[in-house]
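Chemist: My structure is below; once you've seen it, I'll send some questions.
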Number of protein chains: 2
Amino acid sequence: MSGREFFTTRTVAEALTGFRPAHRTPVEHVPLSAALHRVPAAAIPAPHDLPGFAKSTVDGFAVRAADTYGASEGLPSYLDLLGAVRMGTAPTVAVRAGGCVAMPTGGVLPEGADAVVMIEFTAETMPGTIEVTRPVAPGGGLVRANDDVTAGAPLVPGGRPLRAPELGLLAAAGVTSVPVHARPRVTIISTGDEVVPPETASLRPGQVRDATASALAGLILDAGGDPTIAGIVSDEPGALKNKLTEVLPHSDLVVVSAGSSVGARDETAGAVAAVGDVWCHGLAIKPGKPTLLAECSGVPVIGLPGNPLSALVVFGQIGIPLVWRLCGCATPPPRPNLRARLSRNLASAAGRLDVIQVRLADGVAEPLFGPSALLSVLTRADGYLLIPEPATGLDSGADVAVTLYT
Amino acid sequence: MSGREFFTTRTVAEALTGFRPAHRTPVEHVPLSAALHRVPAAAIPAPHDLPGFAKSTVDGFAVRAADTYGASEGLPSYLDLLGAVRMGTAPTVAVRAGGCVAMPTGGVLPEGADAVVMIEFTAETMPGTIEVTRPVAPGGGLVRANDDVTAGAPLVPGGRPLRAPELGLLAAAGVTSVPVHARPRVTIISTGDEVVPPETASLRPGQVRDATASALAGLILDAGGDPTIAGIVSDEPGALKNKLTEVLPHSDLVVVSAGSSVGARDETAGAVAAVGDVWCHGLAIKPGKPTLLAECSGVPVIGLPGNPLSALVVFGQIGIPLVWRLCGCATPPPRPNLRARLSRNLASAAGRLDVIQVRLADGVAEPLFGPSALLSVLTRADGYLLIPEPATGLDSGADVAVTLYT
């Protein structure tokens with residue numbers, strides 16, 4: 001007798017808002033070189049003003065802006081050249097009224113100056129005298145000491161994966177060790193008497209190599225997780241429960257890639273129920289209905305459908321947001337999208353999320369059909385479109401958003 | 001005297017089509033667990049049919065389809081139950097006319113059967129007799145031995161970064177070691193007397209920590225490259241040339257993050273010209289004009305502008321496609337895009353590509369302005385929009401495509 005009837009079917013929307021285990025990965029410190037796409041636990045404040053000193057953004061001359069007012073080609077201002085600033089060193093001379101100091105781009109603004117005139121609008125007509133042919137306003141040609149970030153203000157926000165330029169800003173501030181949530185350890189358990197490791201050179205009739213685990217590991221890496229392929233568990237009663245008990249203490253998320261037979265599915269539900277609380281068994285999604293969500297000793301567990309295509313579709317909708325959330329990221333990074341015109345009518349049941357694989361050509365999205373036993377439906381697709389839960393279908397010619405695979 | 005005048009300024013479009021060094025990274029074999037986003041050197045053929053045997057996609061009974069024609073609730077077909085197929089093993093019984101064999105989802109189709117009836121449309125009314133209440137067509141309820149991929153046909157194409165489901169298909173085919181182009185070794189050289197390593201605890205006046213190298217390393221990782229931060233070279237004559245000579249033999253691409261002063265820029269051009277051929281010095285892009293492209297001993301070299309913002313913008317437009325091309329990928333993966341309404345008029349010079357940083361809110365793209373000396377312009381941005389080379393600007397309210405940062 002199947003245990004499924006005891007459990008509730010939920011919509012994907014309900015699962016995304018309702019199945020939110022509180023578990024978060026601990027905070028660890030990583031060097032900048034390993035911090036890309038990692039999620040800071042909290043905003044990281046600037047230890048000091050950035051850039052830290054007022055500096056020139058042009059090659060030219062530091063001046064008092066007032067000394068240039070009214071300057072023109074016909075009636076230049078003449079300023080005494082008091083010295084020069086060298087890159088990377090403190091100025092050794094200040095600017096006084098009627099004077100100027102030669103500046104390289106990036107040089108420290110000398111005391112007394114409030115602007116930098118671009119070299120293009122100057123000429124050294126006599127040695128020691130600079131002719132200025134265009135006025136500059138105070139603040140012109142320079143950035144102030146805190147124009148990038150003020151001391152104490154956030155360099156980067158918490159909870160958002162670090163992007164490349166943010167690594168630069170952290171480096172500029174001298175933050176070379178970044179407190180981030182640990183990558184969620186995601187353990188992948190495959191089940192099914194018919195499933196053998198990918199390394200198996202030749203198959204006996206009826207055997208299949210484990211495709212789902214390798215593909216899931218890829219999706220987990222993309223979501224910032226740290227996948228472990230924990231091997232294949234037989235359909236023997238008790239085997240999965242034992243494996244779960246073994247891996248739960250070392251996992252932030254456990255994914256069970258179920259065998260495809262009814263017996264295997266029921267075994268998964270029974271084993272999970274024996275070690276934790278089943279939140280739902282059955283998800284209103286196509287493909288992917290026989291999905292199970294549970295929490296075992298505080299660790300979320302996803303029981304995926306047996307077909308690789310269904311398993312990967314469900315993991316994309318439910319598992320990826322969960323991996324991000326486990327490391328403190330509520331808003332996963334955007335995924336590439338393209339508007340396209342649907343090539344044919346698509347029917348759907350109201351209350352169910354349909355995930356349709358499509359090929360794209362010339363702005364037209366062509367749905368790919370085929371049994372969800374076939375992984376090639378997914379590998380041939382350029383992306384997918386969703387028929388939302390309230391809809392009963394989409395019309396040929398409809399403008400649809402296709403999420404592209406990367 | 002500057003050497004710049006000897007070199008040509010090019011447009012970004014010209015650079016993308018014209019600056020195409022022939023160098024490609026060598027092919028290496030990596031395990032599936034390390035193959036995500038790696039670029040196969042050529043299409044990888046299926047060593048055998050996949051799934052490799054005809055199998056059931058439903059729980060039910062293997063039949064001869066003809067035996068079910070006309071079956072209905074009112075007038076079922078009655079079939080002799082000849083046995084059962086067990087998961088992962090060869091059938092021990094064939095189907096003959098008038099007979100059927102019990103099948104789990106994923107089981108091997110027995111000889112003599114051409115369809116599988118779903119269990120929902122059957123009943124075992126008497127022990128050993130199965131009542132079928134709905135007809136099934138030949139091929140129903142099953143996939144054929146080569147429905148996923150036929151032996152010899154490509155599992156994955158060459159030249160396109162591997163996506164997660166493709167790792168699954170390779171695993172299913174027993175391909176656990178994948179021939180891919182090596183990750184391009186990208187050496188990052190920083191220059192400038194004012195530049196100090198990010199680890200520098202306290203700065204002297206005028207010093208800045210190297211921000212660009214860490215940010216570039218992030219962009220390079222995202223593009224599938226293997227970045228090495230080779231340190232900071234002083235503006236001393238000859239220093240950069242010596243460093244280039246040292247790193248070129250171990251690099252697939254060299255990126256020089258130039259000092260910001262005119263002197264530093266000229267030093268870069270001179271050093272690169274001394275060890276290779278300068279393709280252009282000056283790119284019609286804003287920000288980022290003082291960009292240099294060269295080929296030294298077959299290795300492409302990019303000389304970036306001194307300002308971090310300019311450097312990262314140029315590397316995004318020119319460097320990232322180059323890193324992909326070095327590992328045999330002509331079409332980099334799609335990047336997330338969003339249509340938005342521009343909040344204000346933007347002017348541009350015809351013949352120049354403008355890269356405008358924007359913040360997004362409620363479908364409106366708000367340009368972020370600020371000196372390109374400020375890295376925070378980039379870290380505050382949600383993405384960027386392009387004003388193409390022929391355009392002279394964009395009008396407020398224009399529908400623009402914003403490429404999102406991830």
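The values are calculated or read from the model by the stated rules, or taken from the named source; none is laboratory data. Since the model is a prediction, treat every value here as computed from it, not as a measurement. Note that we place each Cβ from the backbone using ideal geometry, even for glycine, and neighbour counts take in every protein chain shown.
Chemist: What is the number of the single condition among (1) closer than 17 Å to B:GLY139 by Cα; (2) surrounded by fewer than 19 Cβ atoms within 10 Å (Cβ to Cβ); (3) within 11 Å of chain A (Cβ to nearest Cβ); (4) basic (Lys, Arg) that B:LYS55 does not meet?
Modeler: So the condition that B:LYS55 fails would be (2).
Chemist: Would you pick out the residues in segment A:102-136 that are in contact with a helix residue (DSSP H, G or I) (Cβ under 6 Å, 6 or more places away or on another chain) and of a type in the set (A, V, I, L, M, F, W, C)?
Modeler: The answer is A:ALA115, A:VAL132, A:VAL136.
Chemist: Can I ask one more? So B:VAL186 fits all but one of (1) assigned by TED's automatic domain parsing to the domain that holds B:LEU82; (2) not in a loop (DSSP other than H, G, I, E, B); what number is the exception?
Modeler: (1)
Chemist: I'm checking my understanding of the structure. Among residues of segment B:234-275 that are part of a strand (DSSP E or B) and at pLDDT 95 or above, which one is farthest from the other protein chains (Cβ to nearest Cβ)?
Modeler: This residue is B:VAL254.
Chemist: Next question. What residue, of A:ALA137, A:ALA41, A:ALA115, A:ALA71, is of a type in the set (A, V, I, L, M, F, W, C) and under 30 Å from A:ALA330 (Cα atoms)?
Modeler: Criteria check complete, one pass: A:ALA41.
Chemist: Restricting to segment B:351-367, and then to whatever is in contact with a strand residue (DSSP E or B) (Cβ under 7 Å, 6 or more places away or on another chain) and charged (D, E, K, R), can you tell me which residue is nearest to the other protein chains (Cβ to nearest Cβ)?
Modeler: Residue satisfying both the conditions and the ranking: B:ARG359.
Chemist: For the subset of segment B:372-395 comprising residues that are more than 24 Å from the chain's Cα centre (by Cα) and either among the basic types (Lys, Arg) or outside any loop (DSSP other than H, G, I, E, B) (or both), which member is nearest to A:ALA173 (Cα to Cα)?
Modeler: That would be B:SER376.
Chemist: Still on this structure, please answer the following. Considering only residues that are among the β-branched types (Val, Ile, Thr) and facing another protein chain (nearest Cβ under 9 Å), look in segment A:82-103 and name the one that is nearest to the chain's Cα centre (by Cα).
Modeler: It comes out as A:THR89.
Chemist: If I go through segment B:171-195 residue by residue, how many of them are more than 7 Å from every other protein chain (Cβ to nearest Cβ) and at pLDDT 95 or above?
Modeler: The qualifying residues number 16.
Chemist: To continue, here is another question. Looking at (1) in a loop (DSSP other than H, G, I, E, B); (2) assigned by TED's automatic domain parsing to the domain that holds B:PRO154, can you tell me which one B:SER33 breaks?
Modeler: Result: B:SER33 fails condition (1) only.
Chemist: Which condition breaks for A:ALA213 when tested against (1) facing another protein chain (nearest Cβ under 7 Å); (2) not in a loop (DSSP other than H, G, I, E, B)?
Modeler: (1)
Chemist: Next question, about the same structure. Please go through segment B:396-406 and pick out each residue that is in contact with a strand residue (DSSP E or B) (Cβ under 7 Å, 6 or more places away or on another chain) and either more than 9 Å from every other protein chain (Cβ to nearest Cβ) or in a loop (DSSP other than H, G, I, E, B) (or both).
Modeler: Within segment B:396-406, B:SER396, B:GLY397, B:ALA398, B:ASP399, B:VAL400, B:ALA401, B:VAL402, B:THR403, B:TYR405 meet the criteria.
Chemist: Assess whether B:LEU203 counts as being in a helix (DSSP H, G or I), of a type in the set (A, V, I, L, M, F, W, C) and either touching an Asp or Glu at 6+ places or on another chain (Cβ under 6 Å) or within 13 Å of another protein chain (Cβ to nearest Cβ) (or both).
Modeler: no
Chemist: Which one of the conditions (1) in the same structural domain as B:GLU295 (by TED's automatic domain parsing); (2) of a type outside the set (Phe, Trp, Tyr); (3) crowded, with 19+ Cβ neighbours inside 10 Å does B:ARG20 fail to meet, given that it meets all the rest?
Modeler: Here B:ARG20 meets the rest and fails (3).
Chemist: Could we say that B:ALA84 is closer than 30 Å to B:ALA43 by Cα and either polar (S, T, N, Q) or surrounded by fewer than 23 Cβ atoms within 10 Å (Cβ to Cβ) (or both) here?
Modeler: Criteria not met by B:ALA84.
Chemist: Exactly one condition in (1) surrounded by fewer than 24 Cβ atoms within 10 Å (Cβ to Cβ); (2) modelled with pLDDT of 95 or more is not met by A:LEU216; state its number.
Modeler: Going through the list (1) surrounded by fewer than 24 Cβ atoms within 10 Å (Cβ to Cβ); (2) modelled with pLDDT of 95 or more, A:LEU216 breaks only (1).
Chemist: For segment B:276-350, please list each of the strands (runs of 3 or more DSSP E) lying entirely inside it that holds at least 3 residues being within 14 Å of chain A (Cβ to nearest Cβ), modelled with pLDDT under 95 and surrounded by fewer than 22 Cβ atoms within 10 Å (Cβ to Cβ).
Modeler: Fully inside segment B:276-350 and qualifying: B:337-342.
Chemist: Shifting gears a bit: Here are the criteria: (1) on the phi > 0 side of the Ramachandran plot; (2) at the interface with chain A (Cβ under 7 Å from one of its Cβ atoms). Tell me which single one B:GLY224 does not satisfy.
Modeler: (2)
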